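A.B. asks: One structure follows; several queries about it will come next.
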2 protein chains.
Amino acid sequence: MNHTELLKGTLGTIILRLLEEKGRMYGYEITQLVKEASGETILIKEGSLYPALHKLEADGLIVSEEVFIGKRVRKYYSLTKPGKKATRASVDELLAFMQTIHNLITSELNPSHGAA
Amino acid sequence: MNHTELLKGTLGTIILRLLEEKGRMYGYEITQLVKEASGETILIKEGSLYPALHKLEADGLIVSEEVFIGKRVRKYYSLTKPGKKATRASVDELLAFMQTIHNLITSELNPSHGAA
DNA sequence: AATTTATACATAGCTTTGCGATGTATTGTT
DNA sequence: AACAATACATCGCAAAGCTATGTATAAATT
C-alpha cells in the first residue's frame, strides 16, 4: 500500500501545520514526527522534504536558523507572519477539500439534479 | 483557490466509486456529477478525465460500451469484477489516508514520544 | 438563419511534486 | 572496527492533472 500519490499537494500544508503547532522544528524531526503520528503509514522521504522546505522558505512562508549540535548542523524552521496566515488558509482548504471528497465517495449521490 | 494538486491520486478512486454507485456512466456525465455534488468546487477537466478513464480501462477495472444518441456517440463505462474489488480497496485506502491527514493537521501532536 | 453555448469525445505537451538514488558528514551502538 | 541512526543536500525520474487544441453534433440565443 503506497499512498505516495495521495500525499501530493498535502505535504506543504502538513509542514506548515506542524510548525504552527510546535513553534520550530528541523527537517529530520518533521519526518520522524509524521512517521510517529501517522502510525508508520506516512513516511516522508528526504527527496520530498528538503525541496519542500526550500520552496516554502523561498516563498517567504518559513525561515531557517542554523543551530550546531556539537559539530553537526541542524536547520530549524519557523513560520513567518505571512506563513502563519498561509497556514490557516492552507489547512482550511485541505480540510474543506477532504470533506468534499468524503461526501463524494461515501454518500449516495442524488440523481434528481444530476447530469444526463 | 485551486485544489488541482490535491486531486492528485484521488481521481481514479472517485471515478470507481461513482461507477459503483451509478452502475454505468459516461465521461461527460462524470464531470457534471462531480461538479454538481462538490458544489462547483471540483471541476474535472477533459485532459484529466479521459486519460484517467483510458488507464482504468487498460488496467481492466472498467469496460466501455459505445452508445449512439442520434449521431453523437457516448462511451458508457462500468466496473468489471476486478474493478469492483479494486473500488472497495481504493475507497478504503483513501478514507484511511484522509483520516490520518485529518489527525495530523487538527490534533495537538503529543511530544512525549516524538523525535528530537 | 447565423452565432454561440453545451454536449461529447480525444490527445500532445507542460508543470508540479513526491520519490529513488546518491552523496557528505557526525554521532551512537554493537 | 563496523554498522545504524542522525542530518543535511541534490539530480533525474515518474505520475498525474491541466492547458490548449482539435473534431463533431445538438440545443439555445439573437
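The values are calculated or read from the model by the stated rules, or taken from the named source; none is laboratory data. Computed from a predicted structure; not experimentally measured. Cβ atoms come from the backbone with ideal geometry, glycine included; neighbour counts cover every protein chain shown. Heavy atoms of the whole protein, side chains included, go into the accessibility calculation; ligands, DNA and RNA do not. Shrake-Rupley method; radii C 1.70, N 1.55, O 1.52, S 1.80 Å.
A.B. asks: So residue A:77 fits all but one of (1) touching a helix residue (DSSP H, G or I) at 6+ places or on another chain (Cβ under 7 Å); (2) of a type in the set (Phe, Trp, Tyr); (3) assigned to a helix (DSSP H, G or I); what number is the exception?
C.D. replies: (3)
A.B. asks: While we're looking at this one, here's another question. Test residue A:70 against the stated conditions and say whether it is closer than 25 Å to residue A:4 by Cβ and out of contact with any Pro (no Cβ under 7 Å at 6 or more places or on another chain).
C.D. replies: no
A.B. asks: Please work out which residue is nearest to DNA strand C (Cβ to nearest atom), limiting yourself to the range A:59-69 and to residues that are open to solvent by 60 Å² or more (accessible area, probe 1.4 Å) and farther than 17 Å from residue A:85 by Cβ.
C.D. replies: Taking the candidates together, the pick is A:69.
A.B. asks: Now for a different question. Answer yes or no as to whether residue A:105 is closer than 30 Å to residue B:87 by Cβ and of a type outside the set (Lys, Arg).
C.D. replies: yes
A.B. asks: Does the range A:7-19 include one or more residues that are within 11 Å of DNA strand C (Cβ to nearest atom), open to solvent by 40 Å² or more (accessible area, probe 1.4 Å) and charged (D, E, K, R)?
C.D. replies: Checked against the condition, which is being within 11 Å of DNA strand C (Cβ to nearest atom), open to solvent by 40 Å² or more (accessible area, probe 1.4 Å) and charged (D, E, K, R), the range A:7-19 yields at least one hit.
A.B. asks: Kindly establish whether residue B:12 is free of Cβ contacts under 8 Å to residues at least 12 places away in the same chain, among the small types (Gly, Ala, Ser), within 14 Å of DNA strand D (Cβ to nearest atom) and not in a loop (DSSP other than H, G, I, E, B).
C.D. replies: No, not satisfied.
A.B. asks: Same structure, new question: Assess whether residue B:24 counts as being open to solvent by 50 Å² or more (accessible area, probe 1.4 Å) and away from DNA strand D (no atom under 12 Å from the Cβ).
C.D. replies: yes
A.B. asks: Only one residue in B:45, B:35, B:55, B:75 is within 11 Å of DNA strand C (Cβ to nearest atom), open to solvent by 50 Å² or more (accessible area, probe 1.4 Å), of a type outside the set (Ser, Thr, Tyr) and at the interface with chain A (Cβ under 10 Å from one of its Cβ atoms). Which one?
C.D. replies: Of B:45, B:35, B:55, B:75, the one residue that is within 11 Å of DNA strand C (Cβ to nearest atom), open to solvent by 50 Å² or more (accessible area, probe 1.4 Å), of a type outside the set (Ser, Thr, Tyr) and at the interface with chain A (Cβ under 10 Å from one of its Cβ atoms) is B:35.
A.B. asks: Shifting gears a bit: Can you name the residue in the range B:61-93 that is polar (S, T, N, Q) and more than 13 Å from DNA strand D (Cβ to nearest atom) and is also farthest from residue B:21 (Cα to Cα) among such residues?
C.D. replies: If we take residues in the range B:61-93 being polar (S, T, N, Q) and more than 13 Å from DNA strand D (Cβ to nearest atom), then B:64 is farthest from residue B:21 (Cα to Cα).
A.B. asks: Run down B:6, B:95, B:43 and say which single residue is part of a helix (DSSP H, G or I) and among the aliphatic types (A, V, I, L, M).
C.D. replies: Testing whether each residue is part of a helix (DSSP H, G or I) and among the aliphatic types (A, V, I, L, M) leaves just B:95.
A.B. asks: Would you mind stating whether residue A:96 is more than 16 Å from DNA strand C (Cβ to nearest atom), open to solvent by less than 70 Å² (accessible area, probe 1.4 Å) and within 13 Å of chain B (Cβ to nearest Cβ)?
C.D. replies: So residue A:96 fits the description; yes.
A.B. asks: Might you let me know whether the range B:69-79 holds any residue that is under 14 Å from the mean Cα position of the chain (by Cα) and among the β-branched types (Val, Ile, Thr)?
C.D. replies: No, because not a single residue in the range B:69-79 is under 14 Å from the mean Cα position of the chain (by Cα) and among the β-branched types (Val, Ile, Thr).
A.B. asks: If you take the residues in the range B:20-31 that are away from DNA strand C (no atom under 11 Å from the Cβ) and out of contact with any strand residue (DSSP E or B) (no Cβ under 7 Å at 6 or more places or on another chain), which one is nearest to residue A:103 (Cα to Cα)?
C.D. replies: Looking at the filtered set, the residue picked out is B:21.
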